[in-house]
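First comes the structure, then the notes that go with it.
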Amino acid sequence: MDLDVRHLQLVAGIAETGSMTKAAARLNLTQSALSHQLRDIEARLNTPFFLRVGKRMVLTAVGRRVLESAIRILDDLSRAEDDIRRMAQQRDGVIRVSTECNTGYHWLPPLLATFNRNHPRVSVSVMPDTTDKPVEALLDGRLDLAILTSEVSDRRLRIRKLFTDEMVALVSRNHPLAGRGWLSPRALAAEHLLVYSSSPEESFMLRRVLAPAGLVPARVSFIMLTEAMIEMARAGLGVGILPRWSAQGAIAARTVVPLSITRRGVRRQWSAATLKAQVEPPWLTDFIDLIAERAMPARGAATRLATA
């Protein structure tokens with residue numbers, strides 16, 4: 001490519017001032033250096049950019065085409081430099097975030113209004129397409145923050161514990177299991193399970209509870225709507241698997257019965273993961289603090305943890 005930024009600046013400067021002398025002064029060049037650069041690019045492209053009309057420099061059709069690109073590109077570069085300087089000073093930025101569990105997208109958006117009030121120049125982009133492999137996306141540079149529910153041991157990552165929540169089985173009030181306080185993994189596997197995920201690989205319950213016990217559910221349906229799952233469980237069409245907090249309204253209304261999974265219950269540890277190699281800007285730390293402090297409604301279903 002023969003054209004570069006200095007040629008675009010040259011054409012824009014001459015076109016705006018109409019004079020080689022004035023353009024040279026604006027660009028901090030001698031007039032002879034400016035003339036040499038212009039002759040060089042015109043020779044390489046084998047066409048003149050300007051016509052010399054008396055003391056004025058008048059754009060040719062080719063020159064006008066170059067100027068059109070110069071205005072757009074130079075403006076974009078100028079704005080990019082301004083953005084980079086602000087980002088380097090940690091005033092502006094973008095947080096690309098994803099959660100490993102789809103239920104996280106219920107509590108994440110309400111936090112954004114609070115964060116935006118404190119950091120109006122920082123935008124938060126939710127990246128749901130990386131939900132299935134957030135750690136991989138983080139290491140590939142496609143995410144700035146991964147909210148995890150699985151345990152990760154990787155020296156390249158900075159891990160901060162956020163909170164825990166309890167996974168429960170939801171059944172209708174007249175379900176044969178409704179009188180129990182808790183279910184064993186084997187009893188759970190015998191039921192038609194309704195899980196909030198798009199595949200077995202994404203399901204916490206299938207991966208972390210049933211699979212380690214060598215169990216496969218008799219039937220499983222993947223339901224990506226909390227309300228739909230609760231209604232199906234209420235109607236006796238299956239056993240819904242959800243975090244207790246996300247079904248708290250239905251539980252309080254007694255439309256479904258929550259059962260603990262195992263005698264001790266099954267809890268998930270939510271954590272924030274960032275790259276150790278990347279300096280963590282203050283606004284990213286503030287966002288993680290906000291998640292730890294306010295991600296879950298005060299319903300007694302989540303246990304908040306101090307920084308690990």
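The values are calculated or read from the model by the stated rules, or taken from the named source; none is laboratory data. Keep in mind the model is a prediction, meaning the values are calculated, not measured. No Cβ is skipped: glycine too gets one built from the backbone with ideal geometry, and neighbour counts run over all protein chains shown. Side chains included, ligands, DNA and RNA excluded: accessible areas come from the protein's heavy atoms. Shrake-Rupley method; radii C 1.70, N 1.55, O 1.52, S 1.80 Å.
Restricting the first residue to the range 172-183 and requiring it to be farther than 11 Å from V256 by Cβ, which pairs with a second residue that is open to solvent by 100 Å² or more (accessible area, probe 1.4 Å) meet a Cβ separation below 6 Å and a spacing of at least six or different chains?
Listed pairs, sorted by first residue: W182/R263.
Search the range 193-222 for residues being among the aliphatic types (A, V, I, L, M) and open to solvent by less than 30 Å² (accessible area, probe 1.4 Å), and hand back the single one that is farthest from the chain's Cα centre (by Cα).
Here the residue is L215.
Tell me, which residue of the range 249-268 that is under 25 Å from S150 (Cβ atoms) and open to solvent by 50 Å² or more (accessible area, probe 1.4 Å) is farthest from the chain's Cα centre (by Cα)?
Taking the candidates together, the pick is R263.
If S184 passes every condition in (1) closer than 16 Å to R268 by Cβ; (2) modelled with pLDDT of 95 or more but one, which one does it miss?
(1)
Out of (1) open to solvent by 60 Å² or more (accessible area, probe 1.4 Å); (2) in a helix (DSSP H, G or I); (3) in contact (Cβ under 8 Å) with a residue 12 or more places away in the chain, the odd one out for E227 is which?
For E227, the exception is condition (3).
Select from the range 168-185 the residues that are under 18 Å from F204 (Cβ atoms) and open to solvent by 10 Å² or more (accessible area, probe 1.4 Å) and list them in ascending order. So that I can check it myself, show each step before the final result.
Within the range 168-185, the subset under 18 Å from F204 (Cβ atoms) is 168-170, 182-185.
Correct list: W182, S184, P185.
Condition test on R72, is it in contact with a strand residue (DSSP E or B) (Cβ under 8 Å, 6 or more places away or on another chain) and modelled with pLDDT of 85 or more?
Values: in contact with a strand residue (DSSP E or B) (Cβ under 8 Å, 6 or more places away or on another chain): no; modelled with pLDDT of 85 or more: yes.
It is false that R72 is in contact with a strand residue (DSSP E or B) (Cβ under 8 Å, 6 or more places away or on another chain) and modelled with pLDDT of 85 or more.
Each row is one residue, and each column tells you yes or no for (1) closer than 30 Å to P200 by Cα; (2) without any contact (Cβ under 8 Å) to a residue 24 or more places away in the chain.
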position: D2; (1), (2): no, no
position: R56; (1), (2): no, no
position: R72; (1), (2): no, yes
position: D75; (1), (2): no, yes
position: S98; (1), (2): yes, no
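For the range 230-255, which positions are assigned to a loop (DSSP other than H, G, I, E, B) and either hydroxyl-bearing (S, T, Y) or in contact with a helix residue (DSSP H, G or I) (Cβ under 7 Å, 6 or more places away or on another chain) (or both)?
Passing the criteria: G238, T255.
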